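See structure below.
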Amino acid sequence: MSGFAFDPCDKCEQMMQPYLDRVLTDVELAEAESHLGGCDYCARRYRFEEDFRRFVRQAVAVPMPPELKEKLRALRTPL
Ligand SMILES: [Zn+2]
């Protein structure tokens, strides 16, 4: 393999928020989805972020326990 100038996962991560906000262009969306189809790591991250957003929406009225917040923060930190 040669010419691996950038990390596709890096780009994929940059697209995560706009992806979840549904503001990507068709081209970017296709790019993100084709990467997610082949990359377990990013697929898991996207799924987690989606769950996280859903959880945040449901939990507006309920404060998150500190240990759960810590767990989520750890999961969100790239290795
Ligand atoms: Zn990836």
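For the chain, a simple Cβ point-charge model (Lys and Arg +1, Asp and Glu -1, everything else neutral) yields a dipole of about 440 debye relative to the Cα centre.
Note on Phe55/Ala30: beta-carbon distance plugged into 1/(1 + (r/R0)^6) with R0 of 30 Å gives a FRET efficiency of 0.60. Computed over every Cα-Cα pair of the chain and binned at 10 Å starting from 0, the pair-distance distribution P(r) comes out as 16, 43, 28, 10, 2, 0 percent.
Whole-Hz Karplus values for the stretch 39-48 come out as 10, 4, 4, 6, 4, 5, 5, 5, 4, 4 Hz, taken residue by residue from phi with 6.51 cos²θ - 1.76 cosθ + 1.60 and θ = phi - 60°; glycine and proline positions read x.
Each stretch of four or more DSSP H residues adds -39500 (n - 2.57); spread over every residue of the chain, this sum gives -21000 deg cm²/dmol at 222 nm.
Throughout, read-outs are computed from the coordinates displayed, never taken from laboratory work. As the structure is a computational prediction, the values presented were derived from the model and not from experiment. So basically every Cβ, Gly included, is an ideal-geometry build from the backbone, and we count neighbours across all protein chains shown.
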